[in-house]
1. Within the chain, what's the longest run with no GluC sites (Glu not before Pro) in a DSSP loop and at most 15 other beta-carbon atoms within 10 Å? Give the range, please.
2. Over the Cα atoms of segment 119-214, what radius of gyration and what Dmax do you get, in Å?
3. What list of whole percents do you get for P(r) of the chain, with Cα-Cα distances grouped in 10 Å bins up to the one holding the largest distance?
4. What percentage of all Cα-Cα pairs in segment 1-114 are separated by more than 19 Å?
5. Based on Cβ point charges of +1 for Lys and Arg and -1 for Asp and Glu, what charge dipole magnitude is obtained for the chain about its Cα centre, in debye rounded to the nearest 20?
6. Give me the percent relative contact order of segment 93-210, please, defined on Cα pairs under 8 angstrom at least 6 residues apart.
7. For segment 76-108 and segment 19-46, what is the separation of their Cα centres, given in Å?
8. For n ≥ 4 DSSP H runs only, could you compute -39500 (n - 2.57) per run for the chain, divide by its residues and tell me the 222 nm figure to the nearest 500?
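All of the numbers you see were taken from the coordinates with simple rules; none came from a lab. Model, not experiment: these values are computed from the prediction. Quick reminder, even Gly has a Cβ in these numbers, built from the backbone with ideal geometry, and neighbours come from all protein chains shown.
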Amino acid sequence: MQGLTVKGLDCVRGERLVFAGVALAVNPGRALLLSGANGSGKSSLLRILAGLLQPAAGTLAWEGEDIATDSEAHRRRIAYVGHADPVKPGLTVCENLEFWARLYGFEPGIEPALYQFGIEHLADLPARYLSAGQRRRLTLARLAAGQNSPAGPPLWLLDEPAAGLDPDAVAMLANSILAHLANEGVAVIASHGGRLDEALDGHTSRLVLQDDAP
């Protein structure tokens, strides 16, 4: 069974070649860890995989089909977590998760997601009162909210998701990723190593990006 495949991918930002000729394949039940120096293009690659940035060259396919043939279907199959926390401050923690689920068209598992990331006691608190760490947990709880739904996104694209998390929260994130992989999900994760990589050991391969700038 095929998951995500990429061939001959080039990325140019402005006049700068960020990377060239990237190829990868991630089968269901597996995760790919992206590593490399700052500026090597980890975030740019994730944005290309999410359809948020156009590559200069190359092809991307999901289950053998070019994602360009149906960009809306590709958007629905992705859970993308970048550096920012896209939290609506006027909504409660629960309402934020429900909003995200409605956006993707599935019935969310709100309560399990809250417990998965240790924020069940914050369920009715407006997000504007959350600390930075709590906001990050809420952002990551979006992943768990769709795990028990057939319509939940099968492809997770995570840009340094463990940044700013305490060890307990990193363990919670790792458990959520492992559960996703056990359900034949696919994950591509930009990571600088550490506890998360160790927790996922045995379920991952690694791609090291080189800075191709002159």
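1. Values: sites that count: E15, E63, E184.
No qualifying site falls inside 64-183, the longest such stretch.
2. Final numbers for Rg and Dmax: 14.8, 51 Å.
3. The percentages, shortest bin first, are 8, 35, 36, 18, 3, 0.
4. On the way: 3584 of 6441 pairs.
Cα-Cα pairs in segment 1-114 separated by more than 19 Å: 56 percent.
5. Dipole size: approximately 320 debye.
6. Working: 133 pairs, mean separation 29.6, N = 118.
Taking the mean separation of contacting Cα pairs over the length of segment 93-210, I get 25 percent.
7. What the calculation gives is 24 Å, centre to centre.
8. Details: 7 runs with 68 residues, N = 214.
Computed mean residue ellipticity for the chain: -9000 deg cm²/dmol.
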